[in-house]
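This report refers to the structure that appears directly beneath it.
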Amino acid sequence: MKVTYSIIAPIYNEIDNLPELHRRVSEVMKSSGESWEFILVDDGSTDGSTDKIRELAKKDKHVRPVIFARNFGHQVAITAGWDYARGDAVVIIDADLQDPPETILELAKKWKEGYEVVYAVRGEREGESWFKKFTAAMFYRIIYSITDVKIPVDTGDFRLMDRKVVDVLKQMKERHRFPRGMSAWVGFRQIGVTYRRAARVAGVTKYPFSKMLKLALNAITGFSYFPLQLATYFGFASAGISVIAIPVVIYMRIMGSGAFFGQASTLIAVLFFGGVQLISLGVLGEYIGRLYDEAKGRPLYIVREAPEDQK
Ligand code: UDP
Ligand code: MG
């Protein structure tokens, strides 16, 4: 079947948002006058969202449910969406309606002008705590400055991608994923469209601090060696300092100075370098753990129910 637009929404316990999400996306897509499908990826919901999705699929043939065997995480749910999408243009949207479905038409306009990745840039953000906004702003800027790929700042996963781009992304099988980085990495013609990020319609965020931290680590380790290089820089810097310090201390001793006598200075140096070494080991561990996960080669996700037409 030929489909122009595939809309993908990852769902994790969004039961109260589903009817409104379906209504608004349907309305917008109907007004586009083109064929579309709505891929709802249930990421191991436990609040009855799964049944709600099945119900929607029964009523509306545009809805194609992908139901996971357990919670695999937002990024993996997006990946499954890419795998099942059949459209010429693929849109990722949050299920909580923080990304207004109406913006899809603006993204589509740019796509028709020939852009292959149209990402939605968060202008204003409503209904989020200062902590969330602050950590998010820091996150985007740190990632931008240390990764090798220029990942647009203040940009989430809400975006439209051409079929060509999605076919490339489907070949990128990395386990610890950062889809916004991946879609910047592939190149193609990219452009941003600014939108107003609304407050959640219902429910609470599914991104506690621990998950945000995990996402940040995926972004950094997935797109840069900076943390590994940091240990090298630090090693050179401290070796350099000691080369200068040794003759200075010898000279001071000869001149009768009592500086650097006693245990305190030794203890501080030992603790300091002990700390630096342990942190460096931890950084190495992060990368090795990721290598190990890749080596195991397990499937990225397990589907309990695929859309009817793909069983
Ligand atoms: N989500 C998911 N799996 C998870 C966590 C979140 O599929 O483990 C979905 C969630 O249902 C929503 C989207 O990812 O559609 C974004 O999550 P959320 O709105 O909680 O994040 P925030 O907007 O607070 O950063
Ligand atoms: Mg949200």
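Before moving on, here are some points about what is shown:
- Meets criteria (at pLDDT 90 or above and more than 16 Å from ligand 1 (Cβ to nearest atom)) for VAL249: no
- Hits in the stretch 194-209 (condition: of a type in the set (S, T, N, Q) and either within 16 Å of ligand 2 (Cβ to nearest atom) or modelled with pLDDT under 85 (or both)): THR205
- Within the option set ALA137, ALA80, being buried (at least 19 other Cβ atoms within 10 Å of the Cβ), away from ligand 2 (no atom under 15 Å from the Cβ) and either of a type in the set (Gly, Ala, Ser) or assigned to a loop (DSSP other than H, G, I, E, B) (or both) holds for one residue only, ALA80.
- For the stretch 179-234, the tally of residues that are hydrophobic (A, V, I, L, M, F, W, C) and over 30 Å from GLY114 (Cα atoms) stands at 16.
- Flag for ALA216 being away from ligand 2 (no atom under 16 Å from the Cβ) and out of contact with any Ser or Thr (no Cβ under 6 Å at 6 or more places or on another chain): yes
- Within the stretch 3-37, the residues that satisfy the criterion of being part of a helix (DSSP H, G or I), among the aliphatic types (A, V, I, L, M), within 27 Å of ASP167 (Cα to Cα) and within 15 Å of ligand 1 (Cβ to nearest atom) are LEU21, VAL25.
- Selection count, the stretch 182-207, where residues are within 16 Å of ligand 1 (Cβ to nearest atom) and farther than 24 Å from THR4 by Cβ: 12
- Among the residues here, ARG189 does not qualify as within 16 Å of ligand 2 (Cβ to nearest atom), under 21 Å from the mean Cα position of the chain (by Cα) and modelled with pLDDT of 85 or more.
- In the stretch 83-109, the residues that are in contact with a Gly (Cβ under 9 Å, 6 or more places away or on another chain), more than 16 Å from ligand 2 (Cβ to nearest atom) and at pLDDT below 95: none
- Scanning the stretch 155-174 for residues that are at pLDDT below 90 and within 16 Å of ligand 1 (Cβ to nearest atom) turns up THR155, GLY156.
- When GLY275, GLY256, GLY222, GLY235 are screened for being under 30 Å from ALA89 (Cβ atoms) and away from ligand 2 (no atom under 16 Å from the Cβ), only GLY222 passes.
- First in the stretch 78-96 and within 17 Å of ARG177 (Cα to Cα), second anywhere and within 16 Å of ligand 2 (Cβ to nearest atom) and assigned to a helix (DSSP H, G or I), Cβ under 7 Å, 6 or more apart: ILE78/PRO179; ILE92/ILE78
- Residues satisfying the stated conditions in the stretch 165-180, i.e. crowded, with 20+ Cβ neighbours inside 10 Å, among the charged types (D, E, K, R) and part of a helix (DSSP H, G or I): ARG180
- Only listed residue being touching a residue at least 12 places away in the same chain (Cβ under 8 Å) and out of contact with any helix residue (DSSP H, G or I) (no Cβ under 7 Å at 6 or more places or on another chain), chosen from LYS133, LYS206, LYS170, LYS112: LYS206
- Counted residues, the stretch 144-164 - those being without any contact (Cβ under 8 Å) to a residue 60 or more places away in the chain, in contact with a helix residue (DSSP H, G or I) (Cβ under 7 Å, 6 or more places away or on another chain) and outside any strand (DSSP E or B): 4
- Considering the stretch 200-218, the residues that are more than 24 Å from ARG175 (Cα to Cα) and among the β-branched types (Val, Ile, Thr) include one that is surrounded by the most Cβ atoms within 10 Å (Cβ to Cβ), namely VAL201.
- Residue list for the stretch 85-127, restricted to those being surrounded by fewer than 16 Cβ atoms within 10 Å (Cβ to Cβ) and either in a strand (DSSP E or B) or within 16 Å of ligand 1 (Cβ to nearest atom) (or both): GLY123, GLU124, GLU126, GLY127
- Scanning the stretch 56-77 for residues that are away from ligand 2 (no atom under 16 Å from the Cβ) and in a helix (DSSP H, G or I) turns up LEU56, ALA57, LYS58, LYS59, VAL76.
- The stretch 32-90, subset under 21 Å from the mean Cα position of the chain (by Cα) and small (Gly, Ala, Ser), residue nearest to TYR119 (Cα to Cα): ALA89
The values are calculated or read from the model by the stated rules, or taken from the named source; none is laboratory data. In this text the structure is predicted, and so the values were computed from the model without any measurement. Don't worry about glycine lacking a Cβ; one is built from the backbone with ideal geometry, like all the others, and counts go over all protein chains shown.
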